[in-house]
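The next block holds one structure in the form of structure tokens; read it before the comments.
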Amino acid sequence: MPGYARRGVHGQTVEALAHRVLSGALGEGATLDLAALRAELGVSLTALRESLKVLAAKGMVDARQKRGTFVRPRADWDLLDEDVLRWRLQSAAGAASEAGPSLLRDLDEVRGIVEPAAVRLAARRRTRADLAALDAALEAMGAARDGAPEAVEADLAFHRALLAASRNELLERMERVIATARAARDRLVHGPGHHPHDPVPSHRRVLEAVRSGDPDEAEAAMRRLLAQAAQDVALLRERPLSG
């Protein structure tokens, strides 16, 4: 998703406030000085309050009588929210901290739990439509220039199609949760100056195992794919986090 920054003053204010919270500039428990923020950001009080409502819905801030608006404990934040995932990666990049690689590691661990099990189901339950979607995504992956937005979208489309082929609605929704972070990972891994392995062969092996209806081979192929993905992420630690 493009993010709030492209949604005018309201969106830009949401983004600015979110990054301050996630970077620690506005720490847990801190009370927000709305008058100072309004003047600094150059927005109306109404716009500021509407922006804070967005963060409140994500568990990041709250308001109480006599206390005012404050930053909630991190344990209350909706860390699986797509916007929060994206903001965390952006804040980590801006601070040149370890938070970005740490989040990517967490993402890889979640994928290692979810996707091998999902492809076992996909090998048993896939339909012709599922296989057509996987074929199309793999073809797009092969045609896309490395690092291009099309390459990232093709990768996401392939994994969305795999989870859809599991015929498990909760697994399919999980892809929506992690898609933003994985897209950011792909942009980093396939970005300028970094040349990972060709992703097509490993994805093709997963697809062929699913096509043949072999759950064991599908799981094994997915685990090999994820192991290679983890190696690509490990290489990020050898260079500064960017973009």
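Inclusion of Q65 among residues that are open to solvent by 50 Å² or more (accessible area, probe 1.4 Å), modelled with pLDDT under 95 and more than 23 Å from the chain's Cα centre (by Cα) is warranted. Remark: pairs (first residue in region 18-36, surrounded by fewer than 19 Cβ atoms within 10 Å (Cβ to Cβ); second residue in a loop (DSSP other than H, G, I, E, B); Cβ separation under 7 Å; 6+ apart in sequence or on different chains) = R20/L26; E28/P73; T31/R67.
Of the residues making up region 116-146, those that are assigned to a helix (DSSP H, G or I), buried (at least 16 other Cβ atoms within 10 Å of the Cβ) and either at pLDDT below 95 or in contact with a Cys (Cβ under 6 Å, 6 or more places away or on another chain) (or both) number 1. So, of the residues in region 147-156 that are within 16 Å of S202 (Cβ to Cβ) and out of contact with any His (no Cβ under 9 Å at 6 or more places or on another chain), which turns out to be surrounded by the most Cβ atoms within 10 Å (Cβ to Cβ)? Restricting to residues being within 16 Å of S202 (Cβ to Cβ) and out of contact with any His (no Cβ under 9 Å at 6 or more places or on another chain), the top hit is A154.
Counting only helices (runs of 4 or more DSSP H) that sit completely within region 147-243, those holding 3 or more residues that are at pLDDT below 90 and either among the charged types (D, E, K, R) or within 19 Å of the chain's Cα centre (by Cα) (or both) correspond to 149-165, 169-189, 215-236.
The values are calculated or read from the model by the stated rules, or taken from the named source; none is laboratory data. On a predicted model such as this, the values are computed, not experimentally measured, just so you know. Virtual Cβ from ideal backbone geometry, glycine too; neighbours counted across all protein chains shown. In case anyone asks, the SASA skips ligands and DNA or RNA and just uses the protein heavy atoms, side chains included. Shrake-Rupley method; radii C 1.70, N 1.55, O 1.52, S 1.80 Å.
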